[in-house]
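One structure is given here, and the rest of the page talks about it.
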(Lines give C-alpha, C1' and ligand atoms only; values in the text may rest on other atoms or scores of the structure.)
Protein backbone atom coordinates (compact mmCIF):
# COMPACT_ATOMS: atom_id res chain seq x y z
CA UNK A 1 0.00 0.00 0.00
CA UNK A 2 1.26 3.48 -0.87
CA UNK A 3 2.18 6.07 1.73
CA UNK A 4 -0.78 8.05 3.02
CA UNK A 5 0.45 11.62 2.43
CA UNK A 6 -2.34 12.99 4.63
CA UNK A 7 -0.62 11.35 7.61
CA UNK A 8 1.51 14.20 8.96
CA UNK A 9 3.88 12.15 11.13
CA UNK A 10 6.40 9.62 9.89
CA UNK A 11 5.29 5.99 9.65
CA UNK A 12 8.27 4.77 11.66
CA UNK A 13 9.10 7.35 14.30
CA UNK A 14 12.29 5.53 15.19
CA UNK A 15 13.93 6.54 11.90
CA UNK A 16 14.29 9.90 10.16
CA UNK A 17 13.80 10.07 6.39
CA UNK A 18 15.22 13.15 4.75
CA UNK A 19 13.65 12.21 1.41
CA UNK A 20 10.06 13.04 2.49
CA UNK A 21 9.24 16.72 3.01
CA UNK A 22 6.49 15.98 5.55
CA UNK A 23 8.90 13.93 7.65
CA UNK A 24 11.55 16.65 7.54
CA UNK A 25 8.91 19.17 8.69
CA UNK A 26 7.79 16.82 11.47
CA UNK A 27 11.33 16.28 12.80
CA UNK A 28 12.47 19.91 12.52
CA UNK A 29 9.35 21.01 14.41
CA UNK A 30 9.68 18.24 17.01
CA UNK A 31 13.38 18.86 17.60
CA UNK A 32 13.30 22.65 17.22
CA UNK A 33 16.09 22.75 14.63
CA UNK A 34 16.50 23.82 11.01
CA UNK A 35 16.46 21.50 8.01
CA UNK A 36 20.20 21.98 7.50
CA UNK A 37 20.90 21.13 11.16
CA UNK A 38 18.78 17.99 10.85
CA UNK A 39 20.60 16.95 7.67
CA UNK A 40 23.98 17.51 9.33
CA UNK A 41 23.14 15.44 12.40
CA UNK A 42 21.59 12.61 10.33
CA UNK A 43 24.75 12.51 8.17
CA UNK A 44 26.85 12.31 11.33
CA UNK A 45 24.94 9.68 13.36
CA UNK A 46 22.56 8.05 10.86
CA UNK A 47 18.75 8.04 10.60
CA UNK A 48 17.98 6.66 14.06
CA UNK A 49 15.74 9.19 15.81
CA UNK A 50 17.15 8.27 19.22
CA UNK A 51 20.73 8.71 17.98
CA UNK A 52 19.85 12.10 16.49
CA UNK A 53 18.18 13.21 19.73
CA UNK A 54 21.19 12.03 21.76
CA UNK A 55 23.61 13.90 19.48
CA UNK A 56 21.55 17.08 19.81
CA UNK A 57 21.61 16.71 23.62
CA UNK A 58 25.40 16.34 23.51
CA UNK A 59 25.72 19.41 21.29
CA UNK A 60 23.52 21.42 23.66
CA UNK A 61 25.57 20.33 26.67
CA UNK A 62 28.83 21.14 24.87
CA UNK A 63 27.55 24.56 23.88
CA UNK A 64 26.57 25.25 27.47
CA UNK A 65 30.10 24.49 28.67
CA UNK A 66 31.78 26.80 26.15
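The values are calculated or read from the model by the stated rules, or taken from the named source; none is laboratory data. Computed from a prediction, not measured in an experiment: that's the story for all the values here. Reconstructed Cβ throughout: ideal geometry from the backbone, glycine too, with neighbour counts over all protein chains shown.
Modelled with pLDDT of 90 or more and loosely packed, with under 13 Cβ neighbours inside 10 Å: is that true of residue 5 in this structure?
Numbers: modelled with pLDDT of 90 or more: no; loosely packed, with under 13 Cβ neighbours inside 10 Å: yes.
Here the answer is no, as residue 5 does not meet what is asked.
Report, by residue number, each residue of the range 18-52 that is outside any helix (DSSP H, G or I), at pLDDT 95 or above and surrounded by 14 or more Cβ atoms within 10 Å (Cβ to Cβ).
18, 33, 47, 48
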